[in-house]
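Enquirer: Below are the structure tokens for one structure; questions will follow.
The values are calculated or read from the model by the stated rules, or taken from the named source; none is laboratory data. Values in this document were obtained by computation on a predicted structure and should not be read as measured data. Every residue, glycine as well, gets a Cβ built from its backbone with ideal geometry; the counts of neighbours run over all protein chains shown. SASA here: full protein model, heavy atoms, side chains in, ligands and nucleic acids out. Shrake-Rupley method; radii C 1.70, N 1.55, O 1.52, S 1.80 Å.
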Amino acid sequence: FVRMVFATLVFWGIGLLAPKEEVGKRDLWTIFWGALFGLVGAQVSFANALLYTSPVNITIIAAMTPLAVMLIAALILKEPVTFKKAAGVLIGASGALLIIFQSSAINTDSSGNWIGNLLCIVNVITYAIYLVITRPISQRYSAITLMKWMFLFATIASLPFAIPTMAATRWSCITAAQWGGTAYVVIGGTFIAYICVMEGQKKLRPTIVGMYNYVQPIVASAIGVVLGMDRFGVSKGIAVALIFAGVYLVTISRALPSDSKPSAP
């Protein structure tokens, strides 16, 4: 909730300096649903997943995002589902299931780890829906305009659920280093990340935008191993290979015919 509040202040502050854009009522509803799926649903599920499962598990399952985007885009945007795309979904899903079952088998108290993996899947699905439903409006408005409204709606929607924990939080016990970490999450993981994704959506199909999640397992796994937070075993390596193979098949399959034509100015 703190992340959403501070991000709202940052986006609205920059919005005061940016050119004014009038957002239609119908588009405001799309932005509202985008806030529920892409901010409230995705961020809450991800934050809680961190309590139960490891960074490697989270990032490997997150690599399923382009596969989920492909399926949802087929339903909503009518993107074609080819044989290569279907094969990619099955291969990528098998990699994620390998991680989930392997984690449950290793941990004596496997319920917690299983819950964390399930929350990761919820995060993937909600974020995929966000990418698909916000693609049309990303081509009509600036990223700043979309983000300032989206984070405002997310802050309002999450307020009733945040009040109890906010009231119970001992704010005086939060260290300067923890506030620094929060600042990085707001500026790096929220402001810069969401601006870049929204700008990418203007030029690329949702499936291709989601494809770049495959970088996360490489970066997060390397950092986790270096810091001694996790171990990268053979089974997780196989899971990564399966997911990457699925992503590859999805990205080389044919796109919509209109995507091969030059875009309008």
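Enquirer: Report every pair of residues separated by at least 6 positions or lying on different chains whose Cβ atoms are under 7 Å apart, first residue within region 191-206 and within 13 Å of GLY38 (Cα to Cα), second at pLDDT below 85 and open to solvent by less than 30 Å² (accessible area, probe 1.4 Å).
Expert: Matching pairs, first to second residue: VAL197/VAL209.
Enquirer: Among the residues in region 143-165, are any more than 15 Å from GLY41 (Cα to Cα), small (Gly, Ala, Ser), part of a helix (DSSP H, G or I) and open to solvent by 40 Å² or more (accessible area, probe 1.4 Å)? Give the steps one after another, and end with the answer.
Expert: Step one: of region 143-165, the residues more than 15 Å from GLY41 (Cα to Cα) are 143-149, 163-165.
Those still in the list that are small (Gly, Ala, Ser) too: 143.
Among the residues that remain, those that are also part of a helix (DSSP H, G or I) are: 143.
Pick out the ones that are also open to solvent by 40 Å² or more (accessible area, probe 1.4 Å) and you get none.
No, because not a single residue in region 143-165 is more than 15 Å from GLY41 (Cα to Cα), small (Gly, Ala, Ser), part of a helix (DSSP H, G or I) and open to solvent by 40 Å² or more (accessible area, probe 1.4 Å).
Enquirer: Report the residue count in region 133-176 for those that are in contact (Cβ under 8 Å) with a residue 60 or more places away in the chain and touching a Cys at 6+ places or on another chain (Cβ under 9 Å).
Expert: Total satisfying the criteria: 0.
Enquirer: Okay, moving on. Picking from VAL40, VAL44, VAL5, which residue would you name as being open to solvent by 10 Å² or more (accessible area, probe 1.4 Å), of a type in the set (Val, Ile, Thr), modelled with pLDDT of 85 or more and more than 16 Å from ILE129 (Cα to Cα)? Please lay out each step first, then the result.
Expert: Working: VAL40 fails: more than 16 Å from ILE129 (Cα to Cα); VAL44 fails: more than 16 Å from ILE129 (Cα to Cα).
None of the others qualify; the one that does is VAL5.
Enquirer: Does PHE11 satisfy the condition of being aromatic (Phe, Trp, Tyr) and either in contact with a strand residue (DSSP E or B) (Cβ under 7 Å, 6 or more places away or on another chain) or closer than 30 Å to ILE91 by Cβ (or both)? Full working, then the answer.
Expert: Working: aromatic (Phe, Trp, Tyr): yes; either in contact with a strand residue (DSSP E or B) (Cβ under 7 Å, 6 or more places away or on another chain) or closer than 30 Å to ILE91 by Cβ (or both): no.
No; evaluated as a whole, the condition is false for this residue.
Enquirer: Hey, among the residues in region 98-113 that are of a type in the set (A, V, I, L, M, F, W, C) and buried (at least 16 other Cβ atoms within 10 Å of the Cβ), which one's modelled with the lowest pLDDT? Break it down stepwise before answering.
Expert: Here is the first cut: in region 98-113, the residues of a type in the set (A, V, I, L, M, F, W, C) are 98-101, 105-106.
Cutting the leftovers down to buried (at least 16 other Cβ atoms within 10 Å of the Cβ) gives us 98-100.
Details: LEU98: 73, ILE99: 65, ILE100: 59.
Going through the qualifying residues, I end up with ILE100.
Enquirer: Something else: Go through region 8-36 and count every residue that is open to solvent by 60 Å² or more (accessible area, probe 1.4 Å) and within 27 Å of ALA168 (Cα to Cα).
Expert: Going through region 8-36 one residue at a time, the tally reaches 1.
Enquirer: If you don't mind, another one. Out of the residues in region 186-197 that are under 14 Å from ALA42 (Cβ atoms) and of a type in the set (A, V, I, L, M), state the one that is surrounded by the most Cβ atoms within 10 Å (Cβ to Cβ).
Expert: If we filter region 186-197 for residues that are under 14 Å from ALA42 (Cβ atoms), which is where we start, we get 189-190, 193-194, 197.
So of that shortlist, the ones also of a type in the set (A, V, I, L, M) come out as 193, 197.
Working: ALA193: 12, VAL197: 20.
My answer is VAL197.
Enquirer: Moving to a separate point now. Go through region 17-51 and count every residue that is within 18 Å of ILE192 (Cα to Cα) and in a loop (DSSP other than H, G, I, E, B).
Expert: Result for region 17-51: 2.
Enquirer: Across region 72-87, which residue is nearest to GLN201 (Cα to Cα) among those that are crowded, with 18+ Cβ neighbours inside 10 Å and of a type outside the set (Asp, Glu)?
Expert: Going through the qualifying residues, I end up with ALA73.
Enquirer: Here's a follow-up. I want to confirm something. Restricting to region 127-137 and keeping residues that are open to solvent by less than 10 Å² (accessible area, probe 1.4 Å) and out of contact with any Asp or Glu (no Cβ under 8 Å at 6 or more places or on another chain), which single residue is nearest to LYS25 (Cα to Cα)?
Expert: Here the residue is THR134.
Enquirer: In addition: I want to confirm something. Restricting to region 47-57 and keeping residues that are open to solvent by 10 Å² or more (accessible area, probe 1.4 Å) and aliphatic (A, V, I, L, M), which single residue is farthest from the chain's Cα centre (by Cα)? Let's see the steps before the verdict.
Expert: So the first thing to find is which residues in region 47-57 are open to solvent by 10 Å² or more (accessible area, probe 1.4 Å), and the list is 47-48, 50-55.
Restricting the remaining residues to those that are aliphatic (A, V, I, L, M) gives 47, 50-51.
On the way: ALA47: 12, LEU50: 14, LEU51: 17 Å.
Of everything passing the filter in region 47-57, LEU51 is farthest from the chain's Cα centre (by Cα).
Enquirer: Which pairs turn up if I take residues in region 5-34 that are on the phi > 0 side of the Ramachandran plot and look for partners that are open to solvent by less than 100 Å² (accessible area, probe 1.4 Å) and modelled with pLDDT of 90 or more with beta carbon separation below 8 Å, at least 6 apart in sequence or on another chain?
Expert: Every condition considered, no pair remains.
Enquirer: Same structure, new question: If SER221 satisfies all but one of (1) surrounded by fewer than 19 Cβ atoms within 10 Å (Cβ to Cβ); (2) over 18 Å from GLN43 (Cβ atoms); (3) modelled with pLDDT under 75, what's the number of the condition it fails?
Expert: (1)
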